[in-house]
Amino acid sequence: MLRPKKEKKQKVKLTKEGIRKAKGIFRYLKPYAFIFSIGWIFLVLSTSVGLVFPLMMGQLLGANSMNSTEDAIRVISLENINQVALALFLLFAAQAVFSFFRVIIFTNVTENALRDIRKDAFSRLIYMPMDFFNRNKVGELTSRLASDIVQVQETLRTTIAEFFRQIVMIVGGIVFLMLISWKLSLIMLATVPVMAIVAVVFGKFIRRLAKVAQDETAKSNVVVEESLTGISNVKAFTNELFSIQRYTKIAEEIRRLNVKSGLWRGVFASFIIFCLFGAIVFIIWQGMLMTQGTNPEMSSKDFYTFIFYTIMMGASVGSLPELYASIQKAIGSTENLMDIIQTEGEKEIMSGTSRPVITGKVSFKNIFFHYPQRPDMPVLEGVNLDAEPNETIALVGSSGAGKSTIASLLLRYFETTSGEILFDGENIRDIDIEHLRSNMALVPQEVILFGGSVRENIAYGKPEASLEEIEEAARQANAYDFISSFPDGFETQVGDRGIQLSGGQKQRIAIARALLKNPTILILDEATSALDSESEKLVQDALEHLMKGRTSFVIAHRLSTIRNADRIFVIDQGKVAEQGKHDDLIALESGIYAGLINLQMRS
Ligand SMILES: Nc1ncnc2c1ncn2[C@@H]1O[C@H](COP(=O)(O)OP(=O)(O)OP(=O)(O)O)[C@@H](O)[C@H]1O
Ligand SMILES: [Mg+2]
């Protein structure tokens, strides 16, 4: 299961479990293993070239010096400046070619793998049980998915290669240094890396101080925002002074924190100047000494080479912590993605393979239900209801009574806690979930249109429908006229980026969608938002078309719909409190239904 957000915010720690999960990513790299390994060959090549570069530079700079000593790498050393320069050019050319192919190949492999991960993660998400969406906020899910993918992308594309390169540079650098002069190497290794590490740790400490100051600044912004958006409260309560005091306190705290971090930054700068550069000067001094005398320990070419390797290694060591942190984050992100990909979807959880003919005969037998994440709050407590084929069933009850919940159970968004839901005598748990839902259509309370044309939106329940079928559905849903009045007709773009439709228009498109699907069972969660009487009439007509010839469960708010129902179930306190036809129920003195209707008549 996914980790809750709070935990995720904490510092990423590598755990065995996390790494094990993150290894799931290799499955996505496997299909591209061959091309990926070629990419690695280029990486090794370009890294090796990078390793030779300081050697060449050293030889070039030291080439005109008089000293020459036997040394382990004399073979590579070139006496002539022109030759060394040429060699350097060739080296860079090779480096350019290798890097080009390395980048291209790594990018390709990364993007291929990411496409597969994106696809799998999305398919997983879309097949998640409804409960998952109850527990996770959609906005959070999407932004997390996006940021996890970016993190993995960055790592696969560059961080891994970079990490590898730096490690090779450090190890290779040490080897070269040792070959040039083990004595100077030991002096260097005892100082520069130690200083570099201290500098990195110190730098981190300073960043943390800066972060604390930043957080405090953010807090102060909240105070400003709160006070200004709630300005009328501030003024009405003459609380200006209080607000100012609050703000002043924070402003003082910001000052204190920033001064503190400034102090440490000063210490840091002095430290760098004195210790790090001091260490470098010390090594140069020691190295210079070695190149002096009649029988110097080291040629000046080698000395220059040594300096270049030292600089290169220093840079590599310095970049490691950031790379390491980035890889750590990427492992966390990969773990998240793999979590999503490995979570069981509806199909695995809600097994059931039977595909009976569904005629619209439905019964609820003593249904108890609470939402999975709120076991302490029962919603349904022993609901019994029956529907025969082609009947119109109205569900009424006060807000929060559980009407929409009953609709969700019909669609098997959730499993009941106990009791049985039967379709033509077959338990809902034994029925294949896709088969079940393919026999149903839902017209929800709030219609949401997808980005696309009106035609595509109507065809949503039956993508293979012909244009004639779509137009016919629109006609029956009383939507044909307004759709045709648009300049682009059925090709008009709707949804977030398209034109805005009125509530009544959206509802009629949803009705057309349901008509086209032609389900055996219709679930209609009537909109509570009032329409003007003209579109009310159009929607009502459309609904009557829609309900004809199928079992309809209508969560009804409109008196007109309820009146025409074959049977009305009044839901109250998790049970069916009353049932029957309108006339029977209205006759019940002090009945719930009579009360509801009375209320509606009055308003
Ligand atoms: N996804 C959910 N998770 C947890 N509790 C829920 C969820 N949806 C509804 N509930 C709770 O279940 C109870 C019944 O809600 P339901 O949506 O079925 O009411 P309703 O009869 O459709 O009300 P309305 O007429 O306002 O639409 C309410 O107390 C509500 O707080
Ligand atoms: Mg509802």
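The values are calculated or read from the model by the stated rules, or taken from the named source; none is laboratory data. Just so it is clear, the structure is predicted and the values come from calculations on it, not from any experiment. A quick note on method: Cβ atoms are made from the backbone with ideal geometry, for glycine too, and the neighbour counts reach across all protein chains shown.
Annotation note: of 571, 586, the sole residue that is within 16 Å of ligand 2 (Cβ to nearest atom) and over 18 Å from residue 510 (Cα atoms) is 571.
Scanning region 344-376 for residues that are in contact with a strand residue (DSSP E or B) (Cβ under 6 Å, 6 or more places away or on another chain) and either free of Cβ contacts under 8 Å to residues at least 40 places away in the same chain or surrounded by fewer than 15 Cβ atoms within 10 Å (Cβ to Cβ) (or both) yields 354, 366.
I need the full set of residues from region 382-393 which are away from ligand 2 (no atom under 16 Å from the Cβ) and on the phi < 0 side of the Ramachandran plot, in order please. Step through it out loud before you land on a result.
First, the residues of region 382-393 that are away from ligand 2 (no atom under 16 Å from the Cβ): 382, 384-392.
The answer is 384, 385, 386, 387, 388, 389, 391, 392.
Filter region 184-217 down to residues that are surrounded by 14 or more Cβ atoms within 10 Å (Cβ to Cβ) and of a type outside the set (A, V, I, L, M) and give me whichever is modelled with the lowest pLDDT. This residue is 193.
To keep it simple, each residue is scored yes or no on (1) surrounded by fewer than 21 Cβ atoms within 10 Å (Cβ to Cβ); (2) assigned by TED's automatic domain parsing to the domain that holds residue 582; (3) within 16 Å of ligand 2 (Cβ to nearest atom).
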{"site": "395", "(1), (2), (3)": "no, yes, yes"}
{"site": "413", "(1), (2), (3)": "yes, yes, yes"}
{"site": "417", "(1), (2), (3)": "yes, yes, no"}
{"site": "422", "(1), (2), (3)": "yes, yes, no"}
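Just the residues that are in contact (Cβ under 8 Å) with a residue 12 or more places away in the chain, closer than 28 Å to residue 162 by Cα and small (Gly, Ala, Ser), please, taken from region 269-314. 279, 314 - these are the residues of region 269-314 that are in contact (Cβ under 8 Å) with a residue 12 or more places away in the chain, closer than 28 Å to residue 162 by Cα and small (Gly, Ala, Ser).
Sort out which residues of region 548-566 are away from ligand 1 (no atom under 16 Å from the Cβ) and surrounded by 19 or more Cβ atoms within 10 Å (Cβ to Cβ), and write them in order of number.
Quick first cut of region 548-566, residues away from ligand 1 (no atom under 16 Å from the Cβ) only: 548-552, 560, 563-566.
Selection gives 550, 551, 552, 565.
Please tell me if residue 322 is buried (at least 21 other Cβ atoms within 10 Å of the Cβ) and part of a helix (DSSP H, G or I). Here the answer is no, as residue 322 does not meet what is asked. Selection of region 527-551 for residues being within 16 Å of ligand 2 (Cβ to nearest atom) and either touching a strand residue (DSSP E or B) at 6+ places or on another chain (Cβ under 6 Å) or assigned to a helix (DSSP H, G or I) (or both) yields an empty set. For region 399-421, the candidate set comprises residues that are out of contact with any strand residue (DSSP E or B) (no Cβ under 7 Å at 6 or more places or on another chain) and farther than 18 Å from residue 382 by Cβ; within that set, the residue that is farthest from ligand 1 (Cβ to nearest atom) is 412. Restricting attention to region 397-411, the residues that are more than 9 Å from ligand 2 (Cβ to nearest atom) and of a type in the set (Ser, Thr, Tyr) add up to 2.
For region 457-504, residues that are in contact with a strand residue (DSSP E or B) (Cβ under 8 Å, 6 or more places away or on another chain) and of a type in the set (S, T, N, Q) total 3.
Residue 443: within 16 Å of ligand 2 (Cβ to nearest atom) and over 27 Å from residue 366 (Cβ atoms), yes or no?
On the way: within 16 Å of ligand 2 (Cβ to nearest atom): yes; over 27 Å from residue 366 (Cβ atoms): yes.
Criteria met by residue 443.
Residue by residue through region 379-395, note down the ones that are more than 14 Å from residue 365 (Cα to Cα) and more than 9 Å from ligand 1 (Cβ to nearest atom). Please lay out each step first, then the result.
So in region 379-395, the residues more than 14 Å from residue 365 (Cα to Cα) come out as 379, 388-395.
Result: 388, 389, 390, 391, 392, 393, 394.
Selection of region 552-603 for residues being touching a residue at least 40 places away in the same chain (Cβ under 8 Å), of a type in the set (D, E, K, R) and not in a strand (DSSP E or B) yields only 566. Considering only region 120-133, state which residues are part of a helix (DSSP H, G or I), surrounded by fewer than 18 Cβ atoms within 10 Å (Cβ to Cβ) and out of contact with any Pro (no Cβ under 7 Å at 6 or more places or on another chain). Listed by number, the residues that qualify are 120, 122, 123, 126, 130, 133.
A single member of 579, 500, 573 is farther than 30 Å from residue 376 by Cα and not acidic (Asp, Glu), and it is 500. In the set 479, 459, 465, only one residue is modelled with pLDDT of 90 or more, away from ligand 1 (no atom under 16 Å from the Cβ) and under 25 Å from residue 557 (Cα atoms); that residue is 479. In summary, residue 535 fulfils each of the numbered conditions (1) among the polar types (S, T, N, Q); (2) over 29 Å from residue 565 (Cα atoms); (3) more than 33 Å from the chain's Cα centre (by Cα) with the single exception of condition (2).
Within region 399-452, the residues that satisfy the criterion of being within 30 Å of residue 494 (Cβ to Cβ) and among the hydroxyl-bearing types (Ser, Thr, Tyr) are 399, 404, 405, 408, 413, 438. The set of residues from region 454-470 being more than 26 Å from residue 434 (Cβ to Cβ) and crowded, with 19+ Cβ neighbours inside 10 Å comprises just one member, 454.
Here the helices (runs of 4 or more DSSP H) wholly within region 5-119 that include at least 3 residues being at pLDDT 90 or above are 26-29, 33-61. All of 243, 261, 220 fail the test of being part of a helix (DSSP H, G or I), touching a Ser or Thr at 6+ places or on another chain (Cβ under 9 Å) and surrounded by 12 or more Cβ atoms within 10 Å (Cβ to Cβ), apart from 243. Please verify whether region 555-565 includes one or more residues that are touching a helix residue (DSSP H, G or I) at 6+ places or on another chain (Cβ under 7 Å), more than 19 Å from residue 387 (Cα to Cα) and not aliphatic (A, V, I, L, M). Scanning region 555-565 turns up at least one residue that is touching a helix residue (DSSP H, G or I) at 6+ places or on another chain (Cβ under 7 Å), more than 19 Å from residue 387 (Cα to Cα) and not aliphatic (A, V, I, L, M).
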